[in-house]
1. Could you list, in sequence order, the residues of region 178-194 that are surrounded by fewer than 18 Cβ atoms within 10 Å (Cβ to Cβ) and either on the phi > 0 side of the Ramachandran plot or out of contact with any Leu (no Cβ under 9 Å at 6 or more places or on another chain) (or both)?
2. From the list 86, 28, which residue is at pLDDT 85 or above, touching a Ser or Thr at 6+ places or on another chain (Cβ under 9 Å), more than 21 Å from residue 216 (Cα to Cα) and not in a strand (DSSP E or B)?
3. Can you confirm whether residue 171 is over 22 Å from the mean Cα position of the chain (by Cα), on the phi > 0 side of the Ramachandran plot and either at pLDDT below 90 or surrounded by fewer than 21 Cβ atoms within 10 Å (Cβ to Cβ) (or both)?
4. Which residues, taken from region 89-126, are under 22 Å from residue 156 (Cβ atoms), among the aliphatic types (A, V, I, L, M) and at pLDDT 85 or above?
5. Only one of 82, 118, 70 is under 22 Å from the mean Cα position of the chain (by Cα) and under 30 Å from residue 168 (Cα atoms). Can you tell me which?
6. Looking at region 52-64, which of its residues are touching a residue at least 60 places away in the same chain (Cβ under 8 Å) and small (Gly, Ala, Ser)?
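The values are calculated or read from the model by the stated rules, or taken from the named source; none is laboratory data. The shown structure was predicted, so the numbers you read here are calculated from the model rather than taken from an experiment. FYI the Cβ positions are ideal-geometry reconstructions off the backbone, even for glycines, and counts take in every protein chain you see.
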Amino acid sequence: MKNKVFKTLLTMAFVVLLQQASYAGFPIGDGRWLLVPTYTHYSADGYWDANGTSVPYQNNGKFTSNYFGLYGGHGIGRDLDLVFNIPYVSQHYTENGVDAQAPLQTTGDVTVGLSYFLNHYDYYKHLSITGSLIIPTYPSSLVSQTDLVPGYGSVGLEAKIGLAGTNQTKLKNSYYDLEAGIRTFINNGGPTQFFANATFGIPMGEDWKISGTLNGLTSSSGLSNYNTTSSQSYLVNRNFSYIRGSIALGRRLDRNISLWASLFRDFTGSNIGQGQGYSIFAVIKF
């Protein structure tokens with residue numbers, strides 16, 4: 001049972017927090033569009049238990065997830081953007097090289113929201129607030145029918161504040177993006193999640209950029225992860241935390257399109273998988 005529970009703990013943090021801060025935090029522009037198609041591969045062969053101790057999966061167990069997403073936004077005005085994210089995920093858990101559970105392939109939690117930019121006095125700094133609605137696009141019954149779950153199977157709400165900008169004195173044209181927020185799911189037991197992200201990037205010549213990102217999240221609920229009396233599956237992970245780091249390299253193809261590749265790794269956590277992976281994505285503006 002323990003091994004079965006913790007392979008599910010892997011999936012939740014991967015789905016709920018996939019940040020690509022290299023395109024976040026800046027206004028899109030009135031009437032303009034931003035599209036970011038993304039592919040991410042994640043794998044883990046162990047987990048951190050409730051005490052933060054690293055534990056390998058039994059029988060050479062390995063969890064892998066392939067994420068396909070489309071993040072987008074449209075500038076409704078100078079200070080207001082419509083933003084959305086549409087995910088699709090394919091997950092596998094194997095033991096001794098053989099599927100130990102039926103693979104999962106499904107759309108995930110779609111998010112739709114509005115970002116409002118508060119300051120008008122500084123072209124190089126942008127303070128924003130964003131409110132989003134989280135909408136599950138899979139049947140809620142899927143959460144209790146499979147050990148590999150795409151989400152909590154319920155509507156959620158998210159609010160965050162962000163500060164992004166570029167430096168024009170020291171480290172000229174370097175950029176930063178800081179975010180902090182709260183997310184909650186409207187069901188028995190929630191959970192409620194607090195998260196923070198910090199990105200710093202440096203240009204290398206006219207067309208290349210390199211950036212580093214640190215992500216952190218803590219999730220809590222009044223219900224135990226393994227409460228069999230819950231209306232949700234007892235395998236759904238509600239109580240966990242982690243810190244993840246990534247490094248990304250991007251190249252501008254023209255003034256409207258850039259390509260990026262990143263590597264990331266989970267540094268520490270509790271009740272969550274211990275993994276790493278990579279992402280490939282494009283940033284398209286028009």
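1. Answer for region 178-194, where residues must be surrounded by fewer than 18 Cβ atoms within 10 Å (Cβ to Cβ) and either on the phi > 0 side of the Ramachandran plot or out of contact with any Leu (no Cβ under 9 Å at 6 or more places or on another chain) (or both): 180, 192.
2. 28
3. Yes, satisfied.
4. Across region 89-126, the qualifying residues are 89, 110, 112, 114.
5. 82
6. 52, 54
Here is a yes/no grid of residues against (1) surrounded by 15 or more Cβ atoms within 10 Å (Cβ to Cβ); (2) outside any strand (DSSP E or B); (3) of a type in the set (Asp, Glu); (4) touching a residue at least 24 places away in the same chain (Cβ under 8 Å):
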{"residue": "101", "(1), (2), (3), (4)": "yes, yes, no, yes"}
{"residue": "113", "(1), (2), (3), (4)": "yes, no, no, yes"}
{"residue": "122", "(1), (2), (3), (4)": "no, yes, yes, yes"}
{"residue": "127", "(1), (2), (3), (4)": "yes, no, no, yes"}
{"residue": "134", "(1), (2), (3), (4)": "yes, no, no, yes"}
{"residue": "148", "(1), (2), (3), (4)": "yes, yes, no, yes"}
{"residue": "153", "(1), (2), (3), (4)": "yes, yes, no, yes"}
{"residue": "160", "(1), (2), (3), (4)": "yes, no, no, yes"}
{"residue": "176", "(1), (2), (3), (4)": "yes, no, no, yes"}
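Conditions (1) exposed (fewer than 15 other Cβ atoms within 10 Å of the Cβ); (2) without any contact (Cβ under 8 Å) to a residue 24 or more places away in the chain; (3) under 15 Å from the mean Cα position of the chain (by Cα); (4) farther than 26 Å from residue 199 by Cα, marked per residue:
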position: 40; (1), (2), (3), (4): no, no, yes, no
position: 50; (1), (2), (3), (4): yes, no, no, yes
position: 96; (1), (2), (3), (4): yes, no, no, yes
position: 106; (1), (2), (3), (4): no, no, no, yes
